[in-house]
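Let me begin by presenting the structure, written as structure tokens, before commenting on it.
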Amino acid sequence: MTAPPRPSASRTPATARGTTTIADRAVRRVAQRAATETPLPGGVRADGGSAAVRGANARVGVTVALPYPSGLDAAALAVQHHVTARTAALTGLAVPPVSVRVRALDRPARGSEEPGGPPGVPSASPPVSPAGPGPHPARRARRPWSPRRLPVALGALAVASGCAVLLYDVVAVHAAGRAPAAWRVRLVAWLSAHGPDGGTVTGLAAAGTVLLGLWMVVLALTPGRRASLPMTPPDAHTHADLPRGAVAVLLRDSVAALPGVTRVRARVGRRRVRVCAELAFGDRRGAVEAVTRAAEDALTGCGLARPPRLRVRLRPGPGAAADVGAPE
């Protein structure tokens, strides 16, 4: 007696043959490799990335180091377009515009310098022309929103810890026959004596609810990330911001390069920028104009969407009393 033939795989319905799942780690590696393949003069180095696959969609982010010098907005846009298209083609997933974070700038190697030119000058290369439209002046730049991971994590941890402690005590009482914890006995006794109609319970609950509601409203309506300043977006799919600390360093270096200017301090706020410096020698009036011009040029070069107001203060140094001109 022969066994009946087994059904072939071709007779199995397509819905019963299983599904293909692409891990987040695989998509992240594909995106990082695609970032290094971006056709930019000097190459792109991938320093990290992230990926989250949800069904047939994947949200991808890459952290890269771009070649220096190059237009950061154009280079980042080229990386974004290339990684988005390449990741979607290799994985078969629907990939929205990739989030690109520029962590560092790489200078060209000695061998890439132009022959016959001065040392330190890279060879001439064509400008980057990524696929996509140019800047959109009509689009308004907004402050970057914080994901609020820390408040959410702390709140979830507090609630989970309280529930875990209460569940452990209840299970220990009903399953192991242990006596209930003293804190739970006191809590139950206090709640039985102070019902919802009591003034103390009602007042505390109302105050806690109001404070919690106000805190949630503040988190929902404020962007957060106060240490970042929004930059002018090159297109409708790109959001760029610059840390205030980086703007302060750029201002300090630009002003410190002027002759006779020492001990430069820069404080960058969301609406105001203050630059304080000392003048070792030279005319004060001309130095103030030079410092103001250098600081304004540095702020303009940052490409901020809403440049803060600049305030310059220049005071004479210990040995510049004889050379100081008219006060500011």
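The values are calculated or read from the model by the stated rules, or taken from the named source; none is laboratory data. Keep in mind it's a predicted model, so treat the numbers as computed, not measured. Reconstructed Cβ throughout: ideal geometry from the backbone, glycine too, with neighbour counts over all protein chains shown.
Scanning the range 294-306 for residues that are part of a helix (DSSP H, G or I) and among the hydrophobic types (A, V, I, L, M, F, W, C), which turns out nearest to SER228 (Cα to Cα)?
So, considering only residues that are part of a helix (DSSP H, G or I) and among the hydrophobic types (A, V, I, L, M, F, W, C), the one nearest to SER228 (Cα to Cα) is CYS302.
Could you grab me the full set of residues in the range 243-268 that are touching a Gly at 6+ places or on another chain (Cβ under 8 Å) and either acidic (Asp, Glu) or part of a strand (DSSP E or B) (or both)?
Within the range 243-268, THR262, ARG263, VAL268 qualify.
Can you work out which of the residues in the range 257-287 that are farther than 24 Å from MET231 by Cβ and among the small types (Gly, Ala, Ser) is farthest from the chain's Cα centre (by Cα)?
GLY282
Quick one: count up the residues across the range 45-58 that are of a type in the set (Lys, Arg) and either under 15 Å from the mean Cα position of the chain (by Cα) or within 10 Å of LEU93 (Cα to Cα) (or both).
Count: 1.
Report yes if some residue within the range 122-135 is at pLDDT 70 or above and either under 26 Å from SER50 (Cα atoms) or not assigned by TED's automatic domain parsing to the domain that holds GLY43 (or both); otherwise report no.
Applying the first criterion (at pLDDT 70 or above) to the range 122-135 yields none.
No, that holds for no residue.
Among the numbered conditions (1) under 25 Å from ARG101 (Cβ atoms); (2) in a helix (DSSP H, G or I); (3) polar (S, T, N, Q), tell me where THR238 comes up short.
The single condition THR238 does not satisfy is (2).
Quick one: which of LEU93, LEU105, LEU77 is within 25 Å of ALA246 (Cα to Cα) and at pLDDT 85 or above?
After applying the criteria, what remains is LEU77.
Could you list, ordered by first residue, the pairs with Cβ atoms under 8 Å in which the first is in the range 149-165 and touching a residue at least 40 places away in the same chain (Cβ under 8 Å) and the second is assigned to a helix (DSSP H, G or I), at least 6 apart or interchain?
Every condition considered, the pairs that remain are PRO151/LEU219.
Considering the range 162-171 alone, what residues qualify as being of a type in the set (Gly, Ala, Ser) and either closer than 18 Å to ARG186 by Cα or within 30 Å of the chain's Cα centre (by Cα) (or both)?
Once the filter is applied, which keeps residues that are of a type in the set (Gly, Ala, Ser) and either closer than 18 Å to ARG186 by Cα or within 30 Å of the chain's Cα centre (by Cα) (or both), the range 162-171 yields only GLY162.
Among the residues of the range 269-293, how many are touching an Asp or Glu at 6+ places or on another chain (Cβ under 6 Å) and either touching a residue at least 60 places away in the same chain (Cβ under 8 Å) or in a helix (DSSP H, G or I) (or both)?
Count: 1.
List the number of the failed condition for ALA156; all other conditions in (1) modelled with pLDDT of 65 or more; (2) at positive phi hold.
(2)
Within the range 10-32, can one find any residue that is at pLDDT below 90, surrounded by 14 or more Cβ atoms within 10 Å (Cβ to Cβ) and touching an Asp or Glu at 6+ places or on another chain (Cβ under 9 Å)?
Checked against the condition, which is being at pLDDT below 90, surrounded by 14 or more Cβ atoms within 10 Å (Cβ to Cβ) and touching an Asp or Glu at 6+ places or on another chain (Cβ under 9 Å), the range 10-32 yields no hits at all.
Can you name the condition, by its number, that ALA290 falls short on among (1) among the small types (Gly, Ala, Ser); (2) over 32 Å from the mean Cα position of the chain (by Cα); (3) modelled with pLDDT under 85?
It fails just one condition, (3).
Which condition number does THR262 fail, the rest of (1) over 21 Å from ARG101 (Cβ atoms); (2) touching a strand residue (DSSP E or B) at 6+ places or on another chain (Cβ under 9 Å); (3) at pLDDT 85 or above; (4) surrounded by fewer than 18 Cβ atoms within 10 Å (Cβ to Cβ) being met?
(3)
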